[in-house]
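Q: The structure that follows is given in the form of structure tokens.
Derivation of every value follows stated rules applied to the coordinates shown; laboratory data play no part. What you see is a predicted model; the values in this text were computed from it and never measured. FYI the Cβ positions are ideal-geometry reconstructions off the backbone, even for glycines, and counts take in every protein chain you see.
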């Protein structure tokens with residue numbers, strides 16, 4: 001069951017308004033088309049230490065950062081295949097290394113109930129990550145509806161993630177993909193994935209649409225919302241105690 005995947009690429013992110021999304025889709029005609037994956041709902045469970053050590057380090061924008069997640073394409077039912085993945089970013093280059101498994105096996109591994117998953121190099125890297133950070137637990141689920149595009153007669157790929165959302169309960173891949181919104185309604189996340197340089201025609205589209213590169217992490221944004229919610233909850237508790 002140990003299907004292995006390794007990916008290396010540059011990823012550039014952009015936040016799109018409803019109007020920019022419409023402009024982009026119109027402008028891509030003749031340059032790119034929906035690839036064989038089409039539109040897919042994706043869910044990822046991010047694991048972290050009890051004090052969010054991994055996510056906190058990531059949002060500080062270091063030269064090197066990494067995270068571990070369990071991902072499914074659609075709701076995972078009846079022990080469907082899922083992907084246990086390490087995502088690393090070093091000086092703008094993204095490396096993804098993952099193995100195919102199932103939700104039960106991945107949970108046992110991440111909770112130190114089994115020693116390892118498989119015998120590959122990626123399996124050993126997953127084990128090192130788990131042992132290095134110590135106790136890992138599911139902290140947040142991120143879900144979104146992704147449409148993937150491929151360049152016609154080229155190697156540029158891009159994805160558009162609509163309705164990005166998160167939740168901190170029912171942290172599994174088999175219950176549902178429901179969650180609270182990460183962005184204003186109608187906004188979307190554009191990711192452009194390249195091996196080398198971006199083509200001029202795409203640069204011109206982004207410039208004309210006033211679509212500017214940004215630094216954005218779905219799980220980082222979710223963490224900020226979790227912290228803001230906790231602050232508000234504590235403030236309400238203090239006001240209640242003072243009133244009493």
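Q: At 0.890 mPa s and 25 °C, plugging the Kirkwood radius over alpha-carbon pairs of segment 127-242 into Stokes-Einstein gives what diffusion coefficient in µm²/s?
A: Calculated translational D: 140 µm²/s.
Q: Choose one answer from 152, 99, 45: the residue with the largest mean-square fluctuation in a GNM of the chain with alpha-carbon springs under 10 Å.
A: 152
Q: Can you give the FRET efficiency to the nearest 0.05 for residue 114 and residue 230, using r as the Cβ-Cβ distance and R₀ = 22 Å?
A: With R0 = 22 Å, the Cβ-Cβ based efficiency is 0.10.
Q: Order these by the 10 Å Cβ neighbour count, fewest first: 12, 177, 198.
A: With the sparsest Cβ surroundings first, the list reads 198, 12, 177.
Q: Kindly provide the helix-only [θ] at 222 nm of the chain, computed as the sum of -39,500 (n - 2.57) over DSSP H runs of four or more divided by all residues, to the nearest 500 deg cm²/dmol?
A: Helix contribution divided over all residues of the chain: -9500 deg cm²/dmol.
Q: Taking the Kirkwood radius as the inverse of the mean 1/r across Cα pairs, report the Rg/Rh of segment 70-127.
A: Rounded to two decimals, Rg/Rh equals 1.01.
Q: Right, something else. Sorted from fewest to most neighbouring beta carbons within 10 Å, what does the list 32, 90 look like?
A: Arranged by neighbour count, lowest to highest, 32, 90 become 90, 32.
Q: Extension gain residue 212-residue 121, at 0.36 nm per residue separation less the Cα-Cα distance, in nm?
A: This chain segment gains 29.0 nm when fully extended.
Q: OK, next. For the chain, what does the relative contact order come out to in percent, with C-alpha contacts under 8 Å and a separation of six or more?
A: 29
Q: Of all alpha-carbon pairs in segment 4-243, indicate the percentage at a distance above 32 angstrom.
A: 24
Q: Looking at segment 16-76 from every direction and averaging, what is the projected area of its Cα convex hull in nm²?
A: Result: a mean projected hull area of 7.2 nm².
Q: Starting with the fewest neighbours, write out 113, 193 ranked by other beta-carbon atoms found within 10 Å of each beta-carbon.
A: 113, 193
Q: Further question on the same structure: Taking the Cα of residue 168, stepping 7 Å toward and past its beta carbon, and measuring to each backbone N in segment 186-228: which are under 20 Å?
A: 217-228
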